[in-house]
Amino acid sequence: MEIIGPVLVSGITTGALYALATLGLSLVWGSLGMLNMAHGTLLTLGGYAAFTAASQLGLPVPLAVLAAAAVGGVIGALIFVLVAYPLSRRSPETFETTIMIATFGVALTLENAVLRLYGGQPLGQPLSVGGAINLGGFALPWQNLIIIVSAIALMGATALFLTRTKTGRAIRATAQNPDAAKLMGVPVARVYLQVLILSGMLAGVCGVLVSSITQLSPSLGADPMLKAFIMCVVAGLGNLPGAIITSFGLAIVEALVQFLAGARWGFPALLAIVILVLIRRPGGLFGRVEVRRL
Amino acid sequence: MKREDLAHLLVGLVVLAAAVALPFYVDSRYVIGQVTLGLFYAIVASQWNLLFGFSGVFSLAQMALFGFGGYATAMLCFYFGLNIWAAMPLAAVATVLFSLVIGAACLRLSGAYTALLTLAVAQVMYLLIVTDTDCFVMVGTQCRQLTGGAVGFARFGDLGTRAMFKAKFLVANYALVVALFAITMVFTWAIIRGPIGLAFRALRDNPGCAIARGISRFQMQLLVFGLSAFFTGLAGGLYAAHFNAIGPGVLSFSQLFFIIAMVVVGGIGRLWGPLVGAIVLVAADEAMREIGEFRSLGLGIIIAAVMVLMPNGLIGLFESIWDRLRRLRTRNPAMTAEISGDTPA
């Protein structure tokens with residue numbers, strides 16, 4: 001029984017991180033129909049931005065996190081302006097695949113830029129907190145608690161932003177039907193830009209959180225991104241609440257499998273689940289079956 | 001269509017002549033070695049082009065299939081003591097079977113879903129090989145994992161070219177790769193030229209219409225997945241045999257996207273696109289050797305820039321320039337005729 005606690009803690013912590021990574025990815029997929037292969041790199045950049053701000057410039061923690069969000073947002077905006085927008089204008093019918101290749105190019109570039117700037121050796125994220133609180137039998141490290149709470153807070157804030165603000169409404173309208181939104185006077189291109197900035201900011205903060213329990217390395221974002229892809233697919237691409245639930249569920253399953261069968265079987269188990277789910281429900285667990293007019 | 005065939009045949013003959021002439025003019029072992037490597041890439045890229053460019057299946061498991069072919073060859077030689085010439089075709093067939101299993105799991109979906117699942121499969125394969133630490137057999141005093149672990153396999157067999165051609169064995173290996181490349185191109189061309197090629201292209205261009213005409217998307221895409229796996233696996237086997245080594249490095253993300261970049265730079269859905277892309281990128285890679293550390297960075301910029309600025313690649317660019325030139329030439333007499341006809345007498 002005493003082992004269930006730690007497994008759950010680690011499962012929920014990674015679940016919170018996956019959910020945050022998935023949220024940004026799913027947001028962009030849902031509104032632009034664009035799979036951002038550079039999302040993982042945005043996580044990495046966020047982690048390094050916070051590192052630079054906190055330990056090299058000596059800024060306080062909140063400012064360092066803001067710096068991470070800012071860097072993520074700026075890079076997200078650049079990806080839209082330089083890559084996604086021209087590509088969608090030029091060849092809308094092949095956009096779904098070409099954008100994946102193009103954003104991968106962006107990811108490769110940025111990841112190597114980080115490698116050149118900071119070197120390949122892993123660095124410690126200065127924003128980690130030691131210690132733990134005792135919860136009747138097992139210890140809940142402060143770091144994990146902070147991650148879980150801040151991830152949930154960020155998700156809540158995003159949900160509020162999407163449902164309560166004018167910009168959020170425009171984003172949802174564009175996601176539902178870009179043509180109708182355009183006819184209602186929504187500046188669709190600007191909404192897309194906002195979505196990528198928002199997703200970049202979320203990724204930046206997510207990167208700070210991920211690096212606070214692991215270490216900073218140029219490939220920091222690769223693993224969370226791959227997992228986030230899987231969560232997105234299982235939930236149905238573009239479904240935000242579904243993606244969050246799936247992230248927590250699968251992360252706990254992963255933690256259990258890793259505990260029972262060894263760390264190397266966690267990811268294969270996830271993949272097996274995904275394939276089984278998709279054979280039964282090709283649209284994902286929460287995805288609506290899309291009726292496409294031809 | 002006839003003219004296009006003739007053009008492809010001409011290009012093919014020119015390429016073959018250039019490939020045959022190369023070792024007579026170039027003495028450097030390094031250059032021959034790099035061209036051989038480029039041709040391996042071109043073979044895999046041409047099969048990915050068949051899959052994505054001609055059939056619209058966005059699979060990210062191409063290097064996984066290449067690696068599977070290489071590993072299967074190495075393991076057949078290593079564990080069963082098979083001759084490497086027997087192991088390669090067996091491994092290619094095994095790769096096809098493996099690809100059909102992956103395809104059955106991943107091709108029910110389309111577009112980005114397929115891409116993500118195949119990527120996940122490739123990544124799982126990589127992780128399982130790299131993290132393999134359980135001893136399977138003991139070689140001398142060293143423990144060897146079933147999959148070779150992070151080190152991979154080495155010295156498991158020999159093509160026999162070293163004994164036969166002595167110092168010139170590199171050229172002999174090069175000739176083998178050129179032959180495999182030629183066969184692969186003929187095979188690819190025969191497929192896209194034939195009726196199943198039309199079905200593949202119909203599914204790429206308008207899936208709804210194609211399905212309505214009675215083409216099964218799943219079956220056809222599984223077919224092209226299996227077809228493209230054969231030469232990919234065979235190339236993997238020859239790669240392992242040529243270097244007499246295979247490791248998990250071939251399964252890495254950057255290798256996969258090097259292949260994809262070749263198709264993108266050369267021209268997606270153009271028969272000779274992968275070759276053009278392979279030549280350009282291997283040459284660019286060599287040129288960037290000067291600035292060593294920035295190679296991957298430069299590669300990333302090339303991929304993104306080409307995708308945005310010329311989505312049809314170099315061949316597409318060439319085609320549109322050619323088109324414009326021809327239109328200019330044909331339009332001029334027509335326009336003068338029109339104008340002279342319109343002018344009142």
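Starting from the 7 Å offset along Cα-to-Cβ, what nm value, one decimal, do you get for the label separation of B:Arg3 and A:Gln215?
6.3
Of A:Ser55, A:Met225, A:Gly185, which is farthest along the charge dipole of chain A in the positive direction, counting Lys and Arg as +1 and Asp and Glu as -1 at C-beta?
Most positive-ward Cα: A:Gly185.
In whole Hz, what ³J(HN,Hα) sequence does the range B:270-279 give by Karplus (6.51, -1.76, 1.60; θ = phi - 60°), x for Gly and Pro?
Along the range B:270-279, the couplings run 10, 4, 9, x, x, 5, 4, x, 4, 4 Hz.
With equal scatterers on the alpha carbons only and no solvent term, can you work out the Debye log10 of I(q)/I(0) for the range B:27-69 at 0.20 1/Å?
For the requested q values the scattering log ratios are -0.66.
Compute, for the protein assembly as shown, the length of the dipole vector about the Cα centre, with Cβ point charges of +1 (Lys, Arg) and -1 (Asp, Glu) only. Units Debye, rounded to 20.
On the way: 38 positive and 23 negative charges, 248 e Å.
Here the size comes out at about 1200 debye.
Enumerate the calculated ³J(HN,Hα) couplings along the range A:93-99 in order (Karplus 6.51 cos²θ - 1.76 cosθ + 1.60, θ = phi - 60°), each rounded to whole Hz, writing x wherever the residue is Gly or Pro.
6, 10, 4, 4, 8, 5, 5
Counting only residues 5 or more places away or on other chains, whose amide H sits under 5 Å from the amide H of B:Gln145 once H atoms are built in the peptide plane?
Excluding prolines and chain starts, which carry no amide H, the hits are B:Phe136.
What lysines sit close enough to A:Lys166 to cross-link, taking a C-alpha to C-alpha distance under 20 Å and skipping anything fewer than 8 places away on the same chain?
List returned: A:Lys182.
Kindly provide the helix-only [θ] at 222 nm of chain B, computed as the sum of -39,500 (n - 2.57) over DSSP H runs of four or more divided by all residues, to the nearest 500 deg cm²/dmol? Write out the running numbers ahead of the final one.
On the way: 14 runs with 253 residues, N = 345.
It lands at -25000 deg cm²/dmol.
Say we join alpha carbon atoms closer than 10 Å with springs in a Gaussian network model of chain A; which of A:Ala235, A:Ala64, A:Ala173 then has the biggest fluctuation?
Most flexible of the set in this elastic network: A:Ala173.
From the phi of every residue in the range B:157-162, what ³J(HN,Hα) in whole Hz does the Karplus formula 6.51 cos²θ - 1.76 cosθ + 1.60 yield, where θ is phi - 60° and glycine or proline is x?
3J(HN,Hα) across the range B:157-162, in whole Hz: x, 9, 6, x, 6, 5.
Could you please rank A:Leu216, B:Leu275, placing first whichever residue has the fewest other Cβ atoms within 10 Å of its Cβ? Before the final figure, lay out each step's value.
Details: A:Leu216 23, B:Leu275 26.
Sorted ascending by nearby Cβ count, the order is A:Leu216, B:Leu275.
Name the residue farthest towards the positive end of the dipole of chain B from the options B:Leu328, B:Phe257, B:Ser99, assuming +1 on Cβ of Lys and Arg, -1 on Cβ of Asp and Glu, about the Cα centre.
Value: B:Leu328.
So for A:Glu254, B:Glu4, fewest C-beta neighbours within 10 Å to most, what's the order? Each step should come with its number before you reach the end.
Working: A:Glu254 24, B:Glu4 10.
Listed from fewest to most nearby Cβ atoms, that is B:Glu4, A:Glu254.
Show me A:10-16, A:23-29 ranked by packing, highest mean number of other Cβ atoms within 10 Å first.
Numbers: A:10-16: 22.9, A:23-29: 26.7.
Averaged packing, sorted descending, gives the order A:23-29, A:10-16.
Give me the orientation-averaged projected area of the Cα convex hull of the range B:1-99, in nm², one decimal.
Details: hull surface 35.4 nm².
Orientation-averaged projected area of the Cα hull: 8.9 nm².
In peptide A:187-196, what is the residue-averaged number of other protein chain Cβ atoms found within 10 Å of each Cβ?
0
For peptide B:295-302, what's the mean number of Cβ atoms from other chains within 10 Å of each residue's Cβ? Present the calculation step by step, with values, prior to reporting the outcome.
Values: counts 1, 7, 8, 3, 4, 12, 5, 3.
Going residue by residue through B:295-302 and averaging, the value is 5.
Which residues' amide hydrogens lie under 5 Å from the amide hydrogen of A:Ala132, considering only partners 5 or more residues apart or on another chain, with H built in the peptide plane?
A:Trp142
What distance in nm separates the two pseudo spin-label positions at A:Leu276 and A:Leu145, each 7 Å out from Cα along the beta-carbon direction?
Going from the A:Leu276 label point to the A:Leu145 one covers 3.6 nm.
Please arrange A:Met225, A:Met231 by how many other C-beta atoms lie within 10 Å of their C-beta, fewest to most. Don't jump to the answer; show the numbers that get you there.
Values: A:Met225 26, A:Met231 30.
Least crowded to most crowded, the residues run A:Met225, A:Met231.
Relative to the Cα centre, what is the charge dipole magnitude of chain A, using +1 at the beta carbon of each Lys and Arg, -1 at the beta carbon of each Asp and Glu, and rounding to the nearest 20 debye? Before the final figure, lay out each step's value.
Values: 16 positive and 8 negative charges, 174 e Å.
Using Cβ point charges on Lys, Arg, Asp and Glu, chain A gives about 840 debye.
If Lys and Arg each add +1 and Asp and Glu each add -1, what is the summed charge of the other residues whose beta carbon sits under 15 Å from the beta carbon of A:Met37?
Details: positive: A:Lys227; negative: A:Glu96, A:Glu111, A:Asp223.
Net charge in that neighbourhood comes out at -2.
Can you check how the C-alpha radius of gyration of the protein assembly as shown compares to 2.2 N^0.38 Å, as a plain ratio?
Numbers: Rg = 26.3 Å, N = 639, 2.2 N^0.38 = 25.6 Å.
That works out to 1.02 for the protein assembly as shown.
Given Cα positions, please report Rg to Rh for the range A:4-280, the hydrodynamic radius being the Kirkwood one.
Details: Rg = 18.5 Å, Rh = 19.1 Å.
That ratio equals 0.97.
Going from the alpha-carbon gyration tensor of the range B:116-194, what semi-axes, largest first and in whole Å, does one get by taking the root of 5 times each eigenvalue?
Numbers: eigenvalues 210, 136, 13 Å².
Each semi-axis is √(5λ); the values are 32, 26, 8 Å.
Rounded to the nearest 20 Debye, what is the dipole magnitude of the range B:253-332 about its Cα centre when Lys and Arg each give +1 and Asp and Glu each give -1 at the C-beta?
Values: 8 positive and 6 negative charges, 123 e Å.
With only Lys, Arg, Asp and Glu charged at Cβ, the dipole is about 600 debye.
Could you work out which residue, out of A:Leu202, A:Leu145, A:Leu260, moves most in a Gaussian network model of chain A, that is, has the largest mean-square fluctuation with Cα springs under 10 Å?
Answer for the Gaussian network model of chain A: A:Leu260.
Sticking with the crude label model, points 7 Å out along Cα→Cβ, report the distance from B:Gln142 to B:Leu317 in nm, one decimal please.
Rounded to a tenth, the inter-label distance reads 4.6 nm.
When Lys and Arg each count +1 and Asp and Glu each count -1, what net charge do the other residues less than 11 Å away from B:Met220, Cβ to Cβ, add up to? Provide the component values of the computation, followed by the final result.
Numbers: positive: B:Arg201, B:Arg204, B:Arg217; negative: none.
So the environment of B:Met220 carries a net charge of +3.
Once amide H atoms are placed 1.01 Å from N in the peptide plane, what residues at a sequence separation of 5 or more from B:Leu82, or on another chain, have their amide H within under 5 Å of its amide H?
B:Cys77
Give me the inter-chain shielding for A:42-48: mean count of other chain Cβ atoms within 10 Å, whole number please. Can you show the working numbers first?
Details: counts 0, 0, 0, 0, 0, 0, 0.
Partner Cβ neighbours, averaged per residue: 0.
At q = 0.26 Å⁻¹, work out log10 I(q)/I(0) for the range B:158-210 with the Debye formula, treating every Cα as an identical point scatterer and leaving solvent out; two decimals please.
-0.91
Send over the semi-axes of the range B:253-332's equivalent ellipsoid, whole angstrom and largest first, taken as the square roots of 5 times the C-alpha gyration tensor eigenvalues. Each step should come with its number before you reach the end.
Values: eigenvalues 162, 31, 22 Å².
Over the Cα atoms of the range B:253-332, the semi-axes work out to 28, 13, 10 Å.
For Cα pairs less than 8 Å apart in space and 6+ apart in sequence, what is the mean separation divided by the residue count of chain A, i.e. the relative contact order in percent? Don't skip to the end; give the middle numbers.
Details: 460 pairs, mean separation 107.0, N = 294.
Once divided by the residue count of chain A, the mean separation gives 36 percent.
Per residue, how big is the convex hull of the range A:57-113 when only Cα atoms are used? Give it in Å³. Before the final figure, lay out the partial values.
Working: hull volume 4.9 nm³, N = 57.
Normalising the Cα hull of the range A:57-113 by residue number yields 86 Å³.
If you wrap a convex hull around the C-alpha atoms of the range B:146-264 and split its volume per residue, what is the figure in Å³?
In the range B:146-264, the Cα convex hull volume per residue is 145 Å³.
How much of the pair distance distribution for chain B lies past 31 Å, counting alpha-carbon pairs only, in percent?
On the way: 22596 of 59340 pairs.
Counting every Cα pair in chain B, those more than 31 Å apart make up 38 percent.
Laboratory data are not the source of any read-out in this text; all were calculated from the coordinates shown. In this text, all values refer to a predicted model and were calculated from it rather than measured experimentally. FYI the Cβ positions are ideal-geometry reconstructions off the backbone, even for glycines, and counts take in every protein chain you see.
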